[in-house]
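Remarks on the structure that follows.
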Amino acid sequence: MDKETIYILAIESSCDDTSAAILSNKKVLSNVVATQKIHEEYGGVVPELASRAHQQNIVPVVHQALLKANIDKKQLSAIAFTRGPGLMGSLLVGTSFAKSLALGLKIPLIEVNHMQAHILAHFIEDELKCAPSFPFLGMTISGGHTQIVLVRDYFDIKILGESLDDAVGEAFDKSAKILGLPYPGGPLIDKYAQLGNPKKFTFTKPKVDGLNFSFSGLKTGILYFIQRESKKNSNFISENLNDICASIQYTIIQILMEKIKKATLQTGVKQIAIGGGVSANSGIRKELKIASKKYGWTTYIPDFQYCTDNAAMIGIVGYFKYMRNDFSKQHISAKARYVIGTKG
């Protein structure tokens with residue numbers, strides 16, 4: 001089977017990005033993403049609007065992915081799709097489309113866990129990058145998720161720690177909203193932080209046992225700090241924006257780095273692979289490189305196109321599942337909550 005060329009159509013619709021990709025074995029032939037701009041005016045993702053936009057986007061996005069890959073749908077070996085976790089309405093659109101097309105083409109259907117896909121994105125075939133070897137620590141940091149996992153194999157994943165409340169990406173976006181920055185605010189905090197002093201303002205880091213995270217208290221602390229300082233000086237935000245963003249980003253990164261350092265000490269594993277939209281953050285990438293030299297870690301950071309939600313990462317999991325003949329039945333349904341691996 002190894003010599004056979006397997007063409008996977010992958011579909012990702014867990015939140016507000018509609019994406020379709022075509023993979024030839026582990027190589028990406030196309031990876032098309034339609035980003036929904038409608039949420040910007042609401043300052044966050046509106047689930048009902050997201051599912052409607054997916055319905056509008058999914059057919060043209062899949063069509064575009066096939067065209068770019070120069071693949072006819074009759075050549076497809078299987079269809080992989082995000083079953084969860086995510087927004088139920090959004091997931092239903094992708095799930096329903098994948099099931100219908102697989103049934104029509106009489107090819108296998110493969111369900112994929114969105115979190116597993118972020119981790120296995122590192123195994124997409126890329127001439128410029130090498131993949132981590134097992135075991136390694138995976139840290140998934142995104143708008144909806146924050147997790148540290150021990151990855152012993154493609155399908156042997158153990159959760160070591162996760163957020164007890166808000167995800168790290170939400171902490172970035174909500175902090176940006178407090179500062180009056182438009183949605184999505186995380187990339188803007190990163191942009192302004194590069195011009196500021198990260199030690200200018202101090203925010204209290206939450207005390208959370210083990211390898212779990214908590215960001216709700218930090219978010220509240222930032223809110224109270226801004227309210228207090230703005231009462232003293234109505235121009236406080238505009239006069240200190242770069243330093244505020246740098247201080248917020250520094251605090252969040254320190255929380256992440258302390259936990260990943262603790263995980264390496266507990267497990268003895270020094271290979272670290274990050275994934276998720278927040279892994280595009282320049283500050284996190286910089287700190288990981290510094291820590292790698294200091295502690296002797298080997299770190300793996302995905303290309304920007306594979307950081308945010310995309311179908312290529314769904315496709316690589318689909319490929320590995322295809323090689324195991326791990327297919328889904330037609331009666332399968334979307335799961336808003338979908339746990340990856342085991343908890344430990």
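The table below lists the values:
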| read-out | value |
| --- | --- |
| Computed over the chain: relative contact order in percent, which uses C-alpha pairs under 8 Å that are six or more apart | 25 |
| Contour excess over end-to-end distance, with Cα ends at residue 216 and residue 305 and 0.36 nm allotted per residue | 29.2 nm |
| Accessible surface, 1.4 Å probe, highest first, among residues 149, 59, 33 | 59, 33, 149 |
| Within the accessible area of the chain (1.4 Å probe), percent carbon and sulfur | 51 |
| Pair residue 164, residue 209: separation of 7 Å Cα→Cβ label points (nm) | 0.8 |
| Extension gain from residue 339 to residue 325, taking 0.36 nm per residue of separation minus the Cα-Cα distance | 2.9 nm |
| Proximal charge balance of residue 329 [Cβ under 15 Å; K/R count +1, D/E count -1] | +3 |
| Under the span-like rule (Cα at least 24 Å along the axis, Kyte-Doolittle mean at least -1.0), DSSP H helices of the chain | 47-69, 88-105, 216-232, 236-267 |
| Accessible area (Å², per residue) of region 197-344, counting only protein heavy atoms and a probe of 1.4 Å | 50 |
| Sum of -39500 (n - 2.57) over DSSP H runs of 4+, divided by residues of the chain (222 nm, nearest 500) | -14000 deg cm²/dmol |
| Cleavage-rule hits, GluC sites (Glu not before Pro), region 235-344, DSSP coil, Cβ neighbours within 10 Å at most 15 | none |
| Residue 125 long-range amide H proximity, modeled H, under 5 Å | 27, 28 |
| Pairwise label distance in nanometres, residue 239 with residue 183, each label 7 Å out on the Cα-Cβ vector | 3.1 |
| DSSP beta bridges in the chain [antiparallel fraction, %, rounded to 5] | 60 |
| Label-to-label distance, nm, for residues given as residue 4 and residue 72 (7 Å Cα→Cβ offset) | 2.0 |
| Gap separating the Cα centres of region 249-282 and region 90-112, nearest whole Å | 34 |
| Full-extension gain in nm, residue 191 to residue 285, via 0.36 nm per residue minus C-alpha separation | 32.5 nm |
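The values are calculated or read from the model by the stated rules, or taken from the named source; none is laboratory data. Bear in mind the structure is a predicted one, so any value in this text is a computation, not a measurement. FYI the Cβ positions are ideal-geometry reconstructions off the backbone, even for glycines, and counts take in every protein chain you see. Heavy atoms of the whole protein, side chains included, go into the accessibility calculation; ligands, DNA and RNA do not. Shrake-Rupley method; radii C 1.70, N 1.55, O 1.52, S 1.80 Å.
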